[in-house]
Amino acid sequence: MKILVTGGAGFIGSHVTRMLLNSGHEVVVVDNLSQGKKENVDKRAQLVVADIRNIPESTFKGVDSVIHMAGLIIVPESVKDPVKYADNNVIGTIDLLESMRKANVKNIIFSSSACVYGAPKTLPIKEDAPVHPDNPYGASKAAIESFLQAYNANFDFNVTILRYFNPYGPGEMHEPETHAIPNFIKAALAKKPIPLYWNGEQTRDFIYIEDLARAHIDVLSQTGHNIFNIGTEKGVVVKEVLNEIFNILGYKVPIDNLGKRPGDVQANYASSEKLKKSVGWQAKVDLKEGLKKTIDFFRSV
Ligand SMILES: NC(=O)c1ccc[n+]([C@@H]2O[C@H](COP(=O)([O-])OP(=O)(O)OC[C@H]3O[C@@H](n4cnc5c(N)ncnc54)[C@H](O)[C@@H]3O)[C@@H](O)[C@H]2O)c1
């Protein structure tokens, strides 16, 4: 198949692009390089440097499906500037959908987030749990999901929404970085204090990047309207992740206690039973193995 990957120069998009190419698909990456980097894009893919709000029509020629990963992702920034997130993520996606409609490309897989659930009432979180985001980033994802449902209902789009829990792994180089695992590893390798919010008491579901990327390939031929959680189904307390990193490194560094952070929820982890039943996907890489590979990556850069 020929797949257009938006945001393919970013952390997750570059892994998905490589995995698609390795599985024999043809890939066109669209990225405005606001966060992503050219060097992240596999040389076998075609890179179109463009904003999703204004993709050249010719880019869609021969495209079977779009994997839409482009977006701004920093929760605290979205709390400071919700309009920026509505403009880039929500309006940007509607512009993309309109470009797809004109080009008669009607298959889309969308990178959504566990943020759409806000603070869950029950754990593990299933896909039919209420959507009530706690921050503007999550609200942008929920709004996009609603538009995708409307495009499925009105224009026969095949829509697959993947709600990621907490992806991590080699190549995670956001600027600024707000995610726990890369920040813990970078600080520990530099023998600097570990930046820790909420005393590390939060529970999260850390999903290794290769497992996450594989889910996109597995859902390529889904039709209709589908929503799937992508997680390991195992909630881990953040301070346990830190201890595992210290164990792997064989030393500890002090903690820099940063207190509370707006927009965070106390605990979430996924039920991914639905995706397992539909396509047989399940996470394979455990936390220890994933952390080792991630530490190796950060040692090498
Ligand atoms: N990383 C996570 O923890 C996480 C969790 C849940 C969901 N997601 C979603 O997964 C997707 C990828 O996340 P990531 O971690 O790889 O982020 P990333 O910042 O590394 O990648 C996003 C890419 O989108 C590009 N982009 C942003 N706005 C654009 C626009 N208007 N037009 C064209 N390109 C644009 C950026 O340049 C960047 O390369 C995002 O949609 C994100 O919301 C990520």
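A short reminder: the numbers here are calculations on the coordinates, not readings from a lab. For clarity, every value in this text was computed on a predicted model and none was experimentally measured. Glycine gets a Cβ as well: all are built from the backbone with ideal geometry, and neighbour counts include every protein chain shown.
Okay, here's what the table says:
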quantity	calculated
For the stretch 180-254, projected area of the alpha-carbon convex hull averaged over all directions, nm²	6.2
For Val105, Val66, order by how many other beta-carbon atoms lie within 10 Å, fewest first	Val105, Val66
HN-Hα J in Hz across the stretch 19-36 - Karplus 6.51, -1.76, 1.60, θ = phi - 60°, x for Gly and Pro	5, 4, 4, 5, 8, x, 8, 9, 10, 10, 9, 10, 8, 8, 6, 5, 10, x
In Hz, Karplus ³J(HN,Hα) per residue of the stretch 82-91 (6.51, -1.76, 1.60; θ = phi - 60°; x = Gly, Pro)	x, 5, 4, 6, 5, 5, 5, 7, 7, 4
Simple Cβ-charge dipole of the stretch 94-211, Lys/Arg +1 and Asp/Glu -1, about Cα centre, in debye nearest 20	120
Degrees between helix 287-300 axis and first principal axis of the chain (Cα, 0 to 90, nearest 10)	90
Neighbour-limited loop hits for chymotrypsin sites (Phe, Trp or Tyr not before Pro), the stretch 157-251 (at most 16 other Cβ within 10 Å; DSSP other than H, G, I, E, B)	Tyr251
Sparsely packed chymotrypsin sites (Phe, Trp or Tyr not before Pro) within the stretch 106-152, loop by DSSP, other Cβ within 10 Å at most 16	none
Using a Förster distance of 25 Å, the FRET efficiency for Leu21-Leu189 (Cβ separation, nearest 0.05)	0.25
Sequence-distant aspartates and glutamates (8 or more away, or on other chains) whose Cα lies within less than 20 Å of Lys260	Glu77, Asp81, Asp134, Glu177, Glu201, Asp205, Glu240
Amide H within-cut-off set for Tyr269, under 5 Å, with H built and near neighbours excluded	Ile125
Per-residue Cβ neighbour rank within 10 angstrom, fewest leading, Lys126, Lys102	Lys102, Lys126
Phi to ³J(HN,Hα) by Karplus 6.51 cos²θ - 1.76 cosθ + 1.60 over the stretch 216-225, Hz, x for Gly, Pro	5, 5, 5, 9, 4, 9, 5, 10, x, 10
Within the stretch 165-299: Cβ-based charge dipole about Cα centre, in debye rounded to nearest 20 (Lys, Arg +1; Asp, Glu -1)	200
Amide H contacts of Ile230 (H built 1.01 Å from N, under 5 Å, at least 5 apart or other chain)	Arg163, Tyr164, Phe165
Residue order, fewest to most beta carbons within 10 Å, for Glu39, Glu145	Glu39, Glu145
Dipole in debye (nearest 20) - the chain, about Cα centre, beta carbon charges: Lys, Arg +1; Asp, Glu -1	460
Computed log₁₀ I(q)/I(0) - Debye formula, equal Cα scatterers, no solvent, the chain, q 0.09, 0.12, 0.13, 0.14 Å⁻¹	-0.42, -0.76, -0.90, -1.05
